[in-house]
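Taken together, the values in this text are just the output of simple stated rules run on the coordinates, not laboratory data. Note that this is a predicted model, so its numbers are computed, not measured. Cβ placement follows ideal geometry from the backbone for every residue including glycine, while neighbour counts extend to all protein chains displayed.
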Amino acid sequence: MSAKSFAYYMPTRIESGSGISKKTGEFIRELGISNVLIVTDKGVRTANLLEEVEKSLLDANVQYEIYDEIEPNPSAETIENGTEFLQQHKSEAVLAVGGGSSIDTAKGIAVMAVNPGNIIDYEGVGKIQNPPLPIIAIPTTAGTGSEVTPSTVVTNRETSFKLAVISPNLYPRLAILDPILTLNLPQGITAATGMDALTHAIESYTSKTANPISQAFAIQAVKMIGENLTKTYFVGTDLESRENMLVASMLAGAAFAQSRLGNVHAISHTFGGVFNVPHGIANAALLPFVMRYNLPACAEQYKDIAAALGADVIGLTAVQAAEKAIEEVIQMNQSMNIPLNIQELGVSLDALPKLVEDSMRSGNVLVNPRLTRAEDIQSIIENAYNGTLH
């Protein structure tokens, strides 16, 4: 990659290690915070993942309330309700404990606690005027990387559109990575979130706005995911592979925080908005088809990705090696029972015009490595629907 001008900014402090979430209260006290709103979902509560976090808050004399109404593909209404809940309890900060949906919702609540209007008003880049309340994130899945990104994704239920709000203000102050909290994830969630992280890493590595730092993070994430994801899926309780996946997910998030993503995310967000397809599964199913489309524009980068995923690329041309990268992704999907087409996800081509229109609204199309028009998005979706890679 030739040298070019770039900027790098990531203010999030990261604390990583087995059992580190037991120090949450201590870390929050260090930030001068004494009253937090825990933002989570009912699954996290049912799995008793809050137990040690709550104990640490009590031990540090940090008051807390819990808002656990988070759903997949969280809506503007959920953020609005959470903001009212926070204001009633006069919380000084938000503590997200959960997957990307909980962290994204927490970011939205932190913004709307101190800004007027509705979160939907802030769609796009750099529109948040007042800095949000402090955000602390404890991911319980190894997938979204939202704990180190300046963005949140929100569903507008009225238009069935998933929109992105992006601002340097949205970087969490602190990310706490504790692999123990990911040990008992169901296999399906391990697969979906792991492939979400891989998609982040691949799209970031090949983005038109990638830089040497983001690419270093991204390719390391690809390597770690290739070495650990299927182990976390089949073994489940292996702490080392869980920890590696959590770090890889964070690295992929730190990468795309700088570079944005690409066509996979542009399209997958529409599947979440229109059909409520879980984000990670939508990404996983789309990834081989977008890689096939992008191959002529980034064969050299795909060769790097193939090697990072463990494929033997010695003696191959860039294009032959790039094909290996696509094969590796397909094999990972197959091994973890992820559908090889989007029809099985419940996507219907009846909504094709809306899917194309909404995908083209995404800023991710602009940084995709291969120039993309509406008709290209349509053919990617049709190929992914039919399962045809050509």
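Laid out as a table, the results:
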| item | result |
| --- | --- |
| Acute angle (nearest 10 degrees) that the helix 279-294 long axis makes with the longest principal axis of the chain, alpha-carbon atoms | 30 degrees |
| Ellipticity estimate at 222 nm from DSSP helix runs (n ≥ 4, -39,500 (n - 2.57)) divided over the chain, nearest 500 | -16000 deg cm²/dmol |
| Cα long-axis angle, helix 187-206 against the chain (0 to 90 degrees, to the nearest 10) | 70 degrees |
| Segments 296-307, 343-354 sorted - mean Cβ within 10 Å per residue, highest first | 296-307, 343-354 |
| Magnitude of the charge dipole, the chain, Cβ model with Lys/Arg +1 and Asp/Glu -1, debye to 20 | 780 debye |
| Arg45-Asn81 FRET efficiency (beta carbon distance; Förster radius 22 Å; 0.05 resolution) | 0.85 |
| Residue-span extension gain [Ile314 to Glu158] - 0.36 nm each, minus C-alpha spacing | 51.0 nm |
| Ordering of 356-369, 263-276 by packing [mean C-beta count within 10 Å, highest first] | 263-276, 356-369 |
| Linear extension gain, Asn184 paired with Leu371, 0.36 nm per residue minus alpha-carbon span | 63.2 nm |
| Degrees, to the nearest 10: 212-234 long Cα axis against longest axis of the chain | 90 degrees |
| Contact order normalised by residue count of the stretch 272-348, Cα under 8 Å, 6+ apart, percent | 36 percent |
| Cβ-Cβ FRET estimate between Lys22 and Thr209, R0 fixed at 35 Å, reported to 0.05 | 0.35 |
| Which labelled figure in [x] 147; [y] 123; [z] 229 is volume of the Cα convex hull per residue in Å³, once derived from the coordinates | [y] |
| Sorted by Cβ density within 10 Å, fewest first, the residues Val290, Val235 | Val235, Val290 |
| Spin-label model distance (nm) - Leu389 vs Glu344, 7 Å beyond Cα toward Cβ | 1.4 nm |
